[in-house]
Amino acid sequence: MQQGLRIAASVLAADFSRLGEEVRAIADAGADWLHVDVMDGHFVPNLTIGAGVVAALRPHSTRPFDVHLMVTPPDPYVEPFAEAGADCITVHAEAGAHLHRTLQRIKGAGKRAGVALNPATPVSAIEPVLGDVDLVLVMSVNPGFGGQTFIASQLGKIEALRALIDAGGRAVDLSVDGGIDERTAGLAAGVGADVLVAGSASFAGGPSAYPGNVARLRAAGEAGRTGSPGTRARPRSIGAAVS
Ligand code: DX5
Ligand code: ZN
């Protein structure tokens with residue numbers, strides 16, 4: 001079943017010249033998780049940060065570090081990020097030939113294992129490993145950059161995954177990443193997402209704005225869940241999204 005709504009602030013949108021302060025500020029502002037986007041300039045056309053930066057940030061917050069590896073191959077990076085202090089390590093279904101093995105490797109390192117889906121990847125690509133993951137991350141933009149526009153066709157995928165996760169009876173977090181703002185937070189939560197990853201919307205306006213940013217995202221997500229008029233997404237065809 002859908003779990004408590006959590007806001008995961010993506011530090012990709014933080015001020016990189018003072019990342020430690022930014023992590024403390026967004027955590028103090030109420031963000032539940034810190035989402036760390038790791039890009040390799042190969043799987044995605046951008047380079048960001050490595051395990052050393054995660055290790056440096058770790059003392060700045062006790063909140064869970066949700067590490068999103070946009071890296072291929074992912075396997076060599078599992079242990080370095082585990083040792084750096086990641087709590088959950090998410091790899092892309094498209095990033096390697098042996099997804100099941102990679103997920104086992106993450107769990108072998110003592111961490112929660114997540115799998116991410118690009119917008120063009122169908123739910124069926126991860127159905128065989130749903131019983132092996134702690135988190136599913138639906139990309140609602142093409143990975144590589146912050147500040148992109150939410151791809152509405154991914155709402156059907158979230159809804160389909162919500163149904164599959166509920167049918168499986170295990171607690172699996174359903175996360176959505178990319179273009180999350182006050183409007184799309186409600187749409188995504190309305191179809192079953194329980195983790196909202198937000199970069200631009202979390203860090204807009206500098207530290208004094210962070211508490212309000214996080215509170216508005218949470219309120220929008222909660223309103224989407226309860227179906228406030230104009231917020232909850234229309235039901236979509238689950239079959240169409242799975243195929
Ligand atoms: C994109 C990253 C996202 C990104 C989201 O590849 O995975 O986590 O930081 O940024 P916004 O919220 O600005 O779309
Ligand atoms: Zn991400």
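Rounded to the nearest 5, what is the percent of antiparallel bridges among the DSSP beta bridges in the chain?
5
What is the extension gain from residue 58 to residue 24, computed as 0.36 nm multiplied by their sequence separation minus the C-alpha to C-alpha distance, in nm to one decimal?
Contour length minus Cα-Cα distance gives 11.2 nm.
Can you tell me the length gained on complete extension of the stretch residue 94 to residue 208, counting 0.36 nm per residue apart and subtracting the Cα distance?
37.2 nm
How big is the chain by Rg and Dmax over its Cα atoms, in Å?
Gyration radius and largest Cα-Cα distance of the chain: 16.5, 47 Å.
As I understand it, the dipole of the chain uses +1 on the Cβ of Lys and Arg and -1 on the Cβ of Asp and Glu, about the Cα centre. Which of 100, 192, 16 lies farthest toward its positive end?
192
Would region 1-79 count as rounded, prolate or oblate if I go by the C-alpha gyration tensor, calling it rounded below 1.5 in a/c and otherwise prolate when a/b exceeds b/c, oblate otherwise?
Note, shape of region 1-79 comes out oblate.
For the charge dipole of region 30-86, defined by +1 on Lys and Arg C-beta atoms and -1 on Asp and Glu C-beta atoms about the Cα centroid, which residue among 30, 68, 80 has the Cα displaced farthest towards the positive pole?
The one lying farthest along the dipole's positive direction is 30.
Taking square-rooted eigenvalues a ≥ b ≥ c of the alpha carbon gyration tensor, is region 1-47 rounded, prolate or oblate, where a/c under 1.5 means rounded and, failing that, a/b exceeding b/c means prolate?
oblate
Compute the FRET efficiency between residue 83 and residue 1 as 1/(1 + (r/R0)^6), taking r as their Cβ-Cβ distance and R0 = 45 Å, and round to the nearest 0.05.
The computed FRET efficiency comes out at 0.85.
Bear in mind these aren't lab numbers, they're just calculated from the coordinates by the rules spelled out. What you see is a predicted model, and the numbers here were worked out from it, not measured in a lab. Methodologically, a virtual Cβ is constructed for each residue, glycine included, from the backbone with ideal geometry; neighbour enumeration extends over all protein chains shown.
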